[in-house]
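Novice: Have a look at the structure that comes next, please.
Just so it is clear, none of the values below were taken in a lab; they were calculated from the coordinates. Remember, it's a predicted structure, so these values are computed and weren't measured experimentally. Because the Cβ atoms are built from the backbone with ideal geometry, glycine has one as well, and the counts that use them run over all protein chains shown.
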Amino acid sequence: MTRLTAAVRGLVTTLAALLAVTATSAPAQAKTEPKAPDDFVALRTVDRTIIEEMRYFTRHNFVGERIDGYRQPLCILTRPAAEALHQAQRQLLRQGYSLKVYDCYRPQRAVDHFVRWAEDLDDQTMKDEFYPDVDKTRLFTDGYIAARSGHSRGSTVDLTLVRLPARPTKPYVPGQPLVPCYAPQDERFPDNSVDMGTGYDCFDTLSHTLDPRVQGPQRANRLLLKTTLEHLGFVNLAEEWWHFTYRPERYPDTYFDFPVSARSLAARP
């Protein structure tokens, strides 16, 4: 009986060793990335004339580095939102303007990146441009950063107007001197858009769409963008002149996390 038990134990030990070797030598399986639903599209497939300057694919944003999940500088939206932008673009082109998008669908992992950055109070790299008068400890309290974003639902877009013919935008050089986002247009970071009174992603009350301090051509530009989009089903976020959501949303309660890339739209079932 003792010899049989010892033999069984030996066999079990041998089998365990073989399984361990097999597990070690087996190639690690690549993580399968989530895909976009069928009714998400690249904006350029609906309208190739809309200018795309995807800021979170670059280092010129309030974090100061490319944001997680932005694999390509690509605007992705639900088809109804993209088609409504196409209609807005047709109207604006007749008036000598083009839309320019800064951000469209935003994966949840990008929002998580924003949250980690906001919690790191020592990282003040881009403060002088994007939040010069806001203490970083107040970013959550004041609503500039949140754990969820409507962008992740696929029907929200950040955008502006460009007077045609569009001039090229001077590229951002990391480390260059930063100027407050509410400075006069000829002083702040050069952007080929019309003057909206502040730059994009300016964490300041001057970014409120109808702030009474913004008057003249700046207010007229905001209202042109706002009225054009609202007539086509978009709703503006009052605190951000650049932020619009197409209603009714296809996915009002779903926060997607597929990467911003053409691959997320390809080979979908």
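Novice: Can you compute the modelled spin-label distance between GLU187 and THR141, with each label point 7 Å from Cα toward Cβ, in nm?
Specialist: Result: 2.8 nm between the two label points.
Novice: When the label point is put 7 Å from the Cα of ARG213 along its Cα-to-beta-carbon vector, which residues of region 161-191 have a backbone N closer than 18 Å?
Specialist: Inside the label zone: 179-189.
Novice: Another question about this same structure. Could you state the number of Å between the C-alpha centres of region 110-132 and region 212-254?
Specialist: Region 212-254 and region 110-132 have Cα centres spaced 25 Å from each other.
Novice: I need the peptides 97-105, 53-61, 158-166 ranked by packing, meaning the mean over residues of other C-beta atoms within 10 angstrom, with the highest value on top.
Specialist: Peptide ranking by packing, descending: 97-105, 53-61, 158-166.
Novice: Something else about it: Pulled fully out, how much extra length does the chain show between ALA238 and GLU65, if you take 0.36 nm times their separation in residues and subtract their Cα-Cα distance?
Specialist: Difference between extended and current length: 59.6 nm.
Novice: Next up: Using the Cβ atoms and a cut-off under 15 Å, what net charge is assigned to the surroundings of GLU240, where Lys and Arg are +1 and Asp and Glu are -1?
Specialist: Net charge around GLU240: -4.
Novice: Ranking request for peptides 125-134, 241-250: highest mean number of other beta-carbon atoms within 10 Å first, then the rest in descending order.
Specialist: Output ranking for 125-134, 241-250: 241-250, 125-134.
Novice: With a/c under 1.5 counting as rounded, go ahead and sort region 207-247 into rounded, prolate or oblate using the C-alpha gyration tensor (a ≥ b ≥ c being the square roots of the eigenvalues; past the cut-off, prolate if a/b is larger than b/c, else oblate).
Specialist: oblate
Novice: Let me ask something else. When you count, for each residue, the other Cβ atoms within 10 Å and take the mean per peptide, how do 229-239, 75-85 rank with the highest first?
Specialist: Averaged packing, sorted descending, gives the order 75-85, 229-239.
Novice: Within region 36-265, how many Lys pairs that are eight or more residues apart, or on different chains, come under 25 Å at the alpha-carbon?
Specialist: 5
Novice: For Cα extents along the principal axes in Å, the choices are (i) 98, 43, 32; (ii) 84, 71, 30; (iii) 89, 44, 33; which was calculated from the structure?
Specialist: Derived directly from the coordinates: (i).
Novice: Tell me what the chain gives for mean residue ellipticity at 222 nm when only DSSP H runs of n ≥ 4 count, each as -39,500 (n - 2.57), the sum divided by the residue total, rounded to 500 deg cm²/dmol.
Specialist: -8500 deg cm²/dmol
Novice: If you take every residue apart from ASP186 with its C-beta less than 13 Å away from the C-beta of ASP186, what net charge results, scoring Lys and Arg +1 and Asp and Glu -1?
Specialist: Neighbour charge sum, excluding ASP186 itself: -1.
Novice: Right, here's the next one. If the viscosity is 0.890 mPa s and the temperature 25 °C, what Stokes-Einstein diffusion coefficient in µm²/s follows for region 58-209 when Rh is the Kirkwood radius over Cα pairs?
Specialist: 147 µm²/s
Novice: Quick check on region 125-269: take the gyration tensor over C-alpha atoms, sort the square-rooted eigenvalues as a ≥ b ≥ c, and tell me if it's rounded (a/c under 1.5), prolate or oblate.
Specialist: In terms of gyration-tensor shape, rounded.
Novice: Local charge sum around GLU53 (other residues, Cβ-Cβ under 9 Å, Lys/Arg +1, Asp/Glu -1)?
Specialist: Neighbourhood net charge equals 0.
Novice: Taking 0.36 nm per residue of sequence separation and subtracting the Cα-Cα distance, how much length would be gained by fully extending the chain between ARG247 and ASP120, in nm to one decimal?
Specialist: Answer, rounded to one decimal: 42.2 nm.
Novice: Quick check: from the Cα gyration tensor, does region 201-269 come out rounded (a/c under 1.5), prolate or oblate?
Specialist: Prolate.
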